[in-house]
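The values are calculated or read from the model by the stated rules, or taken from the named source; none is laboratory data. Bear in mind that the values here come from a model prediction, so they are computed numbers and not experimental data. Cβ coordinates were reconstructed from backbone atoms using ideal geometry, including for glycine residues, and neighbour counts include every protein chain displayed. Note: areas computed on protein heavy atoms with side chains; ligands, DNA, RNA excluded. Shrake-Rupley method; radii C 1.70, N 1.55, O 1.52, S 1.80 Å.
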Amino acid sequence: MKREENLNQLADSSKTWDIAVIGGGSSGLGVALDAISRGLSVILLEKADFAKGTSSRSTKLVHGGVRYLAQGDVGLVLEALKERGKLLQNAPHLTQNQPFIIPIYSWFDRAQYSVGLKIYDWMAGKLRLGKSRFISKSETVRRLPAVKQEGLKGGVVYHDGQFDDARLALAIAQTADEAGACLLNYVSVRGLLKDEDGKITGLKVRDELNQEKYTLKAKMVVNATGVFADKILQMDNPDAARMIQPSQGIHLVMDLEFLGGKDALMIPKTNDGRVLFAVPWHGKLVVGTTDTLREKAKLEPEALQKEIDFVLETAAGYLTKAPTRADVKAVFAGLRPLARPKEEGAKTKEISRSHKVIVSESNLVTLTGGKWTTFRKMGEDTVDHYQEITQELLAPSESFEMKLHGHTTQVPEGHWSVYGSDAEAIQKLAEKDEELAQKIHPDFPNILAEVVWAAREEMAVKVEDVLSRRIRMLILDAQAALDSSLKVAEIMAQELGKDSKWIKQELSDFRKVAEKYLIKA
Ligand SMILES: Cc1cc2nc3c(=O)[nH]c(=O)nc-3n(C[C@H](O)[C@H](O)[C@H](O)COP(=O)(O)OP(=O)(O)OC[C@H]3O[C@@H](n4cnc5c(N)ncnc54)[C@H](O)[C@@H]3O)c2cc1C
C-alpha cells in the first residue's frame, strides 16, 4: 500500500470511480472492502490516518452485544454473532477468543446471567466461541485474583471476541488495496461536485500533507464519516438539520495486576446502571467506559476529569486494590454518534446499534451507526444501493469469505501476532541491520524494524501514526510513547527522506496529542 502510487491514481482526471468513500474508519473501510469484492472500482479518502477517529478508540471487543440481547434486540445480536465468528476466521492474527467472567453476588443474578448467556451461546450456532457456565467462588477467585470477595457467590464465564481495532482497520485497507482499491490517508473531502439535476458526480479533495487540490469523478459517493456525518450532509444541503449528537466513552489503561489473570471482568450493571469492562489487552488492562454527551465532533476528544473519576470509582467497587490516578498509564476517549433530538430540550435517544443507510435527494449515501464488529455487513448493505443509484448491474458480495491481509494459520507468538504473515519479513529487516533489532522502549517488545515497516509498507507518514495506531504504545502507556518519539521520528525521517525541520515539527505535533493521553496524578 503505497501513498505515492495511490496519489497518482487520484491525479488521473480521466478516471470515473464506481464508488468514492469519504472516511477511513471501520464503516468506510467496510464499504471499500465489499465494493472491491464485487469487482467495482473504489477510492477511499481519509482526512487523517486510517482509524484515527472512533475506530481506534473502542473497547476492542468483537461481540454480539450481551447488552443488546438484554434489551431484546435479537436481530442485531444474531447479525453481530455471525460477523464475530467469521471475523475470527478471516483475521485470526488480529482477533482472539476472550473469556469474560461476570462476578455473581446474588442468586438472582446467577439465574439471570446463566440463562441469558446460554441463549447468547445458542444464537451463535456453529460460530460459538465456547460454552458459558457458572463457576464456583474458588474458581472465580483463582481466575480473577483481584476481584472483591465479600459477598461473592461465584461467576458466570462466557466467551466473546477481542481485537486490535486500529490494526484491523489497516489490514482491511491493505486487503482492499491489494485487490485493486485506491486508499489514501491525509486526504480530506472539501466539497461535492454535482450535475445540473443536483446529483452528485464527484468530489473536491485536498492532500493535507502538501495542500495540493484534486477533483475526482464517481458514480456513487458514500459518507462514512462517523460523528462528522453532519458536515458532509451540510456540504450536500446547507439547510440539512443536524442528525448527530456525539456521546463520549473513555477508557483507562493500567497494569494487568489490577485484575490479576488472563480473563476479562464484565459488570453488566454498575450501581448507576452502566456496563463496565476490564479487559486484558497487549499486556495491560483496559477499563471503561462512560457515556457523556459532547457538543462538538472532534478528531481528538479529551476525557473529562469527572469521567476519569467515574471509571476509577466504579472499578474500585469490584477490585481489591483500588486503582488511583497515579496508576493510569493512559486515557483515551472516543465519540459515538447518537441521534440528535428533533426538538430542543427533548431527550437524546441513542441510534439503535443497528446501522442505517440513508440516500439523499442528490444520491449521497450516508452510512451511520452500527459497530466495529459488523463493519463488513454495514459495507455490504451500503454497496447494495449501487444498482438503484447507477442503474448498473451489481455482482453479489463476496466480502464474507475474504481473508484479511496477514491471514495465516500459524499466528506468530507474542507481540508479532498482529503482523500475521508479515512478521517474518519485519524480523528479516532486523537480521540484516542490527540497529533495527533495538527496542523502541525498554518496557515494550517492539523493535525499530517495525517503524521502518510501518513507514515503508503501512502508509504511516507521521510519528503519531506509528506510536498510536501501527503499534499501540500511545494508548498503552502515554509517557513511554512520548519518551520513544525522538527515536521513532529519526528512523521515519531516514525512511521517508525528511530533514531535521520535519523531525522538530513531528515531535511538537506528537507532544500536543500525547499530552491528552496522560493523567496528572
Ligand atoms: C467508547 C466506545 C467503545 C466502543 N467499543 C466497541 C467495541 O468494543 N466493539 C464494537 O464492535 N464497537 C465498539 N464501538 C463502536 C465502534 O467503535 C464504532 O461504531 C466505529 O468505530 C465507528 O466507525 P466509523 O467509521 O463510522 O467512524 P470513525 O472511526 O470516526 O471514522 C470516520 C472517519 O471519517 C474521517 N473524516 C471525517 N470527515 C472527513 C472528510 N471531510 N474527508 C475525509 N475523511 C473524513 C475521520 O477522520 C474519521 O477517521 C465503540 C464506540 C465507542 C465510542
Quiz item: Using DSSP loop states and a limit of at most 10 other Cβ atoms within 10 Å to flag trypsin sites (Lys or Arg not before Pro), what is the longest stretch of the chain containing no flagged site?
Solution: 1-295
Quiz prompt | Longest to shortest principal axis, alpha-carbon extents of the range 282-323, angstrom | solution = 37, 24, 13
Practice problem: Answer with one residue from I389, I250, V452: the one whose Cα lies farthest towards the positive end of the charge dipole of the chain, charges on Cβ with Lys, Arg +1 and Asp, Glu -1. | Solution: I250
Self-check item: For Q248, distant residues with modelled amide H under 5 Å away
Solution: T292, L293, R294, R336
Quiz item: What list of ³J(HN,Hα) couplings, whole Hz, do you get for the range 276-285 from phi and the Karplus terms 6.51, -1.76, 1.60, once you set θ to phi - 60° and write x for glycine and proline?
Solution: 10, 10, 10, 10, x, 7, 6, x, 10, 10
Self-check item: Cut-off 10 Å between beta-carbons: net charge of the residues surrounding G130, Lys and Arg +1, Asp and Glu -1
Solution: +1
Practice problem: Compute the FRET efficiency between K306 and L486 as 1/(1 + (r/R0)^6), taking r as their Cβ-Cβ distance and R0 = 41 Å, and round to the nearest 0.05. | Solution: 0.75
Quiz item: For the range 390-521, what mean projected area does the convex hull of the alpha carbons give, in nm²?
Solution: 12.3
Quiz item: Once amide H atoms are placed 1.01 Å from N in the peptide plane, what residues at a sequence separation of 5 or more from G191, or on another chain, have their amide H within under 5 Å of its amide H?
Solution: K204
Exercise. Calculate one ³J(HN,Hα) per residue across the range 504-513 by plugging θ = phi - 60° into the Karplus curve 6.51 cos²θ - 1.76 cosθ + 1.60, and present them in order as whole Hz with x for glycine and proline.
Key: 4, 5, 4, 5, 5, 4, 5, 4, 4, 6
Quiz item: Can you list the residues, at least 5 places off or on another chain, whose amide H is less than 5 Å from the amide H of H405, using H built in the peptide plane?
Solution: T175
Self-check item: At R0 = 25 Å, FRET efficiency that the Cβ-Cβ distance of L293 and A521 yields, to 0.05
Solution: 0.35
Quiz item: Ignoring ligands, DNA and RNA, what accessible area per residue does the range 37-178 give at 1.4 Å, in Å²?
Solution: 37
Quiz prompt | For the range 376-433, alpha-carbon Rg relative to the globular expectation (2.2 N^0.38 Å, N residues) | solution = 1.80
Quiz item: Counting alpha carbon pairs within less than 8 Å and at least 6 residues apart, what relative contact order, in whole percent, applies to the chain?
Solution: 19
Exercise. Counting helices only, and only those DSSP H runs with n ≥ 4, report the 222 nm mean residue ellipticity of the chain as the sum of -39,500 (n - 2.57) divided by its residues, in deg cm²/dmol to the nearest 500.
Key: -10000 deg cm²/dmol
Quiz item: Can you work out the FRET efficiency for the pair E495 and K153, with r the C-beta to C-beta distance and R0 = 51 Å, to the nearest 0.05?
Solution: 0.35
Self-check item: Two-decimal Rg to Rh for the chain - Kirkwood Rh, Cα set
Solution: 0.96
Quiz prompt | Rounded accessible area per residue of the range 383-498, 1.4 Å, Å² | solution = 45
Quiz prompt | Alpha carbon convex hull of the range 353-407, volume per residue in cubic angstrom | solution = 96
Quiz item: Which three semi-axes in whole Å describe the equivalent ellipsoid of the range 217-307, each the square root of 5 times a Cα gyration tensor eigenvalue, listed largest first?
Solution: 36, 16, 12
Quiz item: Kirkwood hydrodynamic radius of the range 1-138 from all distinct Cα pairs, in Å?
Solution: 18.2
Quiz item: Once fully extended, how much extra length lies between A437 and T270, figured as 0.36 nm per residue of separation less the alpha-carbon to alpha-carbon distance?
Solution: 55.6 nm
Self-check item: Net +/- balance of residues flanking G53 in space, Cβ distance below 13 Å, scoring K and R +1, D and E -1
Solution: +3
Practice problem: Hand me the GluC sites (Glu not before Pro) from the range 248-332 located in a DSSP loop with no more than 14 other Cβ atoms within 10 Å, in residue order please. | Solution: E295
Quiz item: the range 411-451: which GluC sites (Glu not before Pro) are DSSP loop and have at most 13 other beta-carbon atoms within 10 angstrom?
Solution: E413
Quiz item: What is the dipole size for the chain, taken about its Cα centre, with +1 at each Lys and Arg Cβ and -1 at each Asp and Glu Cβ, in debye to the nearest 20?
Solution: 1580
Exercise. Could you list the residues of the range 34-52 with an amide nitrogen less than 18 Å from a label point located 7 Å from the Cα of Q387 in the Cα-to-C-beta direction?
Key: 34-41
Quiz prompt | Within the accessible area of the range 332-463 (1.4 Å probe), percent carbon and sulfur | solution = 48
